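Notes follow the structure.
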Amino acid sequence: MTDIFEVLSPGAYTTVQDLGRFGWQRFGVPPSGMLDDFAGSIANMLVGNPNTAALLELTVSGPALKVLAPATIALTGADMSFSINAAPVSGWRTVPVKAGDTVSVGTAKSGCRGYLAVSQGIDVPLVMDSRSCYVGAAIGGFKGRPLQAGDCLRRCPGAIDHPARRVPEALVPAYPAEITLRAIPGPQDDFFDHGLDVFFNAWFTVSPQADRMGCRLQGPVISQIAAMPQSIISEPSLPGGVQIPQDGQPIILLCEQTVGGYTKIATVISSDIWRVAQALPGDRIRFERIGMDAAHAVFRSQASLLERIRHEMNLPEAEQRSRRDGPNPVAIDWNAPDVLDKLIHWLYQT
Amino acid sequence: MEAVAVNRQCFDQPKFRLAGDRGLLVEFGDAITPEINQTVRAMTFALETAAVPGVREVIPTYRSVVIVYDPLTTAPSRLEPRILSLFGGLARIEAPPPKESVIPVCYGGEYGPDIAFVAAHNRIGIDDVIRLHAEPRYPIYMLGFSPGFPFLGGLSEKLHTPRLTSPRTRVPAGSVGIANNQTGIYPIASPGGWQLIGRSPVRLFDLERPNPFLLSAGDTLRFEPITPDEYRRCAGGGQDD
């Protein structure tokens, strides 16, 4: 174990997260974990970590950290100003740091959550097989709470001699202010008739009440069929479930919720949860209906895209440079429904 | 099959609902009854024993189970026939008998500041509140809301009391409360609006134990009144309050 960072200022809400805590929801423990697991996984890949490594999830504004030992770090996710000793550096690539350096992450220009990974991963105790922080019950992460000034973080032991890596610019996701989320109707879609049409056609605005438990939206009222009960017998909540409380304003449930008694009109597919993670208050969201087979095809595409990015990362820097010098890849619309297929196509054709 | 079929509160066939691209909800009835929950319990046990490929997590609830699966391995179209076949064989499955936990509670006084309100609201004495609350064997229908928080059935109608008009910002761990027709125990200190009638020195959630959770969905629970002296002896100053 090596002391790696002293927290000079913590940022708005910075927690230690890994992929999550699974298998304990039946005991009332939600999964937690990095909300944008796509950007978070890439941050870990950049610094050569296994995908189970823990990193820092930054929300809206990032921390200032004093580096206590040499390391390789990488910042992905939201576009936040990023500097070492006040000299700007880029995200989505490895950055070597040495003892005495100051790492500063500023406010997000687009997107909401940044992911700061350090080689070997942040070392905090495993709680129920995960390092993810669940602030609601003060478990996991750094002492079960967001970082505070003066905290001293450690990294896991191991060598830190990683090659320089970067994510090709075309693969860096954009975080636009208008997003489309693909959703499967249910589990309680039979409680709605006209409400389903409203849900799948209207634009909704992300309200300021958006956190890791859920993202509240504002828009046209979604009403249930009058004859159906207003609530259901409490049942587990899964990330992506869109609950409709009595006021008819949807809430996208996220990773720190275990049970709920409101009807859920639809469920955002797991491959699109990261888009919710990156939505800021005021951003606009619409929902697009998707079938199970298509949703599972997207899931497989996303899994294989990550595998292919991992493959890309392992290429030596020289080869990546020759790729970047090649023909300019097509501009990528991250909200296009077939974006993942296009990316895979691009990776193999370029 | 008989054990299930004779209970007319259960659906004849489980009802499937889609909970996104990695969750399948299976409902066995649409009421809160020990019989329906027994089916939930048997199905949970059956699913765990069968070790169905691709099933990552089984979450039992009041009247349903949620199956969290790996979409790279399976899909509802493959899980549903498997669940129907398990359902058909539930009568032949011998789930282990429910475990009963006895939770000692020091009622009233500093540990149960709302017990007089609960008594007055129901026009009974404080002794009646304690007797009626400690009498039943409560089924644990599910855990949730906070780690290890039990959703219990079977609270006496004579104890139903509305929530506090304004929730407390901090309810100590171990507090036993009533909210409308529900009773429960706070496993960890948290904000809460339930009427507090007592406190238990037993930790429902303790990360120092190999299994941090004292209770499981499908088991049962009884409350046993203890004196303040006994409370202090049991708590030994270790209770987080």
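Annotation for the stretch A:139-228: chymotrypsin sites (Phe, Trp or Tyr not before Pro) lying in DSSP loop with at most 13 further Cβ atoms inside 10 Å of their Cβ are A:W203. The charge dipole of the stretch A:1-96, taken about its Cα centre with unit charges on the Cβ atoms of Lys, Arg (+1), Asp and Glu (-1) only, comes to about 100 debye. Scanning residues 5 or more positions from A:L126 or on other chains, none has an amide H under 5 Å from its amide H, with H placed 1.01 Å from N in the peptide plane. The eigenvalues of the Cα gyration tensor, multiplied by 5 and square-rooted, give chain A an equivalent ellipsoid with semi-axes of 35, 24, 17 Å from largest to smallest.
Tell me which chymotrypsin sites (Phe, Trp or Tyr not before Pro) from the stretch B:134-237 have a DSSP coil assignment and no more than 14 other beta carbons within 10 Å of their own.
Details: sites: B:Y141, B:F145, B:F151, B:W194, B:F205, B:F213, B:F223, B:Y231; in loops: B:F145, B:W194.
Here no chymotrypsin sites (Phe, Trp or Tyr not before Pro) fit, given the DSSP loop and packing criteria.
Max-minus-min Cα coordinates of the stretch A:67-156 on each principal axis give 38, 30, 23 Å, with the largest extent listed first. Sites counted here are GluC sites (Glu not before Pro) in a DSSP loop (not H, G, I, E or B) having no more than 10 other Cβ atoms within 10 Å; the longest part of chain B that contains none of them is B:95-207.
Taking amide H atoms as placed 1.01 Å from N in the peptide plane, the amide H of A:G240 lies under 5 Å from those of A:L253, A:L254, each 5 or more residues away in sequence or on another chain.
The stretch B:40-166 has equivalent-ellipsoid semi-axes of 40, 16, 12 Å, by the square roots of 5 times the alpha carbon gyration tensor eigenvalues, sorted largest first. Highest mobility in the GNM of chain A, judged by mean-square fluctuation with C-alpha springs under 10 Å and restricted to A:K66, A:K143, A:K264, is found for A:K143. By other beta-carbon atoms within 10 Å, ranking B:R92, B:R131 with the fewest at the front produces B:R92, B:R131.
For the protein assembly as shown, treating each Cα as an identical point scatterer without solvent, what Debye log10 I(q)/I(0) comes out at q = 0.05, 0.06, 0.09 1/Å? Scattering profile of the protein assembly as shown, log10 relative to I(0): -0.24, -0.34, -0.76.
In sequence order, the stretch B:157-168 has phi-based couplings of 4, 6, 10, 4, 8, x, 5, 4, 5, 10, x, 6 Hz under the Karplus curve 6.51 cos²θ - 1.76 cosθ + 1.60, θ = phi - 60°, and Gly or Pro positions carry x. Bridging of A:K66 to aspartates and glutamates at a Cα separation below 16 Å is possible for A:D3, A:E6, A:D101, A:D151, once same-chain residues fewer than 8 apart are set aside.
Computed over the stretch B:83-136, the P(r) tail beyond 13 angstrom holds 71 percent of alpha carbon pairs.
Other protein chain C-beta atoms within 10 Å of residue C-beta, averaged over A:18-31: 6.
Show that you can apply the helix-only estimate: for the protein assembly as shown, add -39,500 (n - 2.57) for every DSSP H stretch of four or more residues, divide by all residues, and state [θ] at 222 nm to the nearest 500. Walk me through the numbers on the way to the answer.
On the way: 12 runs with 123 residues, N = 591.
Here the helix-only value at 222 nm equals -6000 deg cm²/dmol.
Backbone phi angles across the stretch B:193-210, fed through the Karplus curve with coefficients 6.51, -1.76 and 1.60 (θ = phi - 60°), yield HN-Hα couplings of x, 7, 6, 8, 10, x, 9, 9, x, 7, 8, 6, 9, 8, 5, 6, 8, x Hz in residue order; Gly and Pro are listed as x. Working note: Karplus 6.51/-1.76/1.60 with θ = phi - 60° gives the stretch B:127-138 the couplings 4, 5, 4, 5, 4, 5, 7, 8, 6, x, 9, 8 Hz, where Gly and Pro are set to x.
Please get the size of the charge dipole for chain A, origin at its Cα centre, with Cβ charges of +1 on Lys and Arg and -1 on Asp and Glu, quoted in debye to the nearest 20. Don't skip to the end; give the middle numbers.
On the way: 29 positive and 34 negative charges, 132 e Å.
It works out to roughly 640 debye.
Evaluated with a Cβ-only charge set (Lys, Arg +1; Asp, Glu -1), the protein assembly as shown carries a dipole of roughly 500 debye about its Cα centre, given to the nearest 20.
Any of B:K15/B:K158; A:K264/B:K15; A:K264/B:K99 with alpha carbons more than 26 Å apart? Name them for me. All intermediate terms of the calculation are to be shown ahead of the outcome.
Details: B:K15/B:K158 35 Å; A:K264/B:K15 16 Å; A:K264/B:K99 33 Å.
The pairs that break the limit, which is 26 Å between Cα atoms, are B:K15/B:K158; A:K264/B:K99.
Centre-to-centre separation between the Cα atoms of the stretch A:196-242 and those of the stretch A:251-289: 8 Å.
Can you tell me the orientation of helix B:76-88 relative to chain B, as the angle in degrees between its alpha-carbon axis and the longest Cα principal axis, to the nearest 10? Its long axis makes an angle of about 70 degrees.
Cut-off is 10 Å between beta-carbons; in what order do A:S9, B:S200 appear when sorted fewest neighbours first? Let's see the in-between values first.
Numbers: A:S9 14, B:S200 24.
Lowest to highest Cβ neighbour count: A:S9, B:S200.
Bear in mind these aren't lab numbers, they're just calculated from the coordinates by the rules spelled out. Note that the structure is predicted; figures quoted are calculated from it, not measured. Quick reminder, even Gly has a Cβ in these numbers, built from the backbone with ideal geometry, and neighbours come from all protein chains shown.
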